[in-house]
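The values are calculated or read from the model by the stated rules, or taken from the named source; none is laboratory data. Only a predicted model underlies this, so the values are computations on that prediction, with no experimental measurement involved. Quick reminder, even Gly has a Cβ in these numbers, built from the backbone with ideal geometry, and neighbours come from all protein chains shown. All accessible areas refer to the heavy atoms of the entire protein, side chains included, with ligands and DNA or RNA removed. Shrake-Rupley method; radii C 1.70, N 1.55, O 1.52, S 1.80 Å.
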Amino acid sequence: QVQLEESGGGLVQAGGSLRLSCAASGRIFWFTAMDWYRQAPGNQRELVASGAGGGNTNYADSVKGRFTISRDSAKNTVYLQMNSLKPEDTAVYYCHTLIGGVHYWGKGTLVTVSS
């Protein structure tokens, strides 16, 4: 069983920064790929950033150069550093992993960026 719990969301002004955390428990290994998704009201859930344990990372074009995914394997925690936030970044952010063909999601954390 895998459990994911996000934290770190909140209200921030445009141009500001936030760091989201995702604490993972269960069958998470250093090489397990972990992702961040987000879902804005009325929109589909979209992939924001993905990070494989080996250090490979990928980002949505809309966040490249502003967001950084990282992990602390000793703490089983994945982070999403978000800089230069824009109102269009407002969404619920979810942590995700896929293990053995099973998708695991956290409950999400709300990020609101005011203009």
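Summary of computed values
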{"item": "Whole-percent carbon and sulfur share, accessible surface of the chain, 1.4 Å", "result": "48 percent"}
{"item": "Accessible area expressed per residue, the chain, with surrounding protein chains retained (probe 1.4 Å, Å²)", "result": "54 Å²"}
{"item": "Whole-angstrom gap from region 12-63 to region 91-109, using each part's C-alpha centre", "result": "9 Å"}
{"item": "Region 7-106: chymotrypsin sites (Phe, Trp or Tyr not before Pro) falling in loop per DSSP and having at most 12 other Cβ within 10 Å", "result": "29, 30, 31"}
{"item": "Qualifying trypsin sites (Lys or Arg not before Pro) for region 13-115 [loop in DSSP, other Cβ within 10 Å: at most 13]", "result": "27, 64, 107"}
{"item": "Qualifying lysines (Cα of each under 21 Å from Cα of residue 86; at least 8 residues distant if same chain)", "result": "64"}
{"item": "Probe 1.4 Å, all protein chains present, accessible-area order of 35, 89, 72, largest first", "result": "72, 35, 89"}
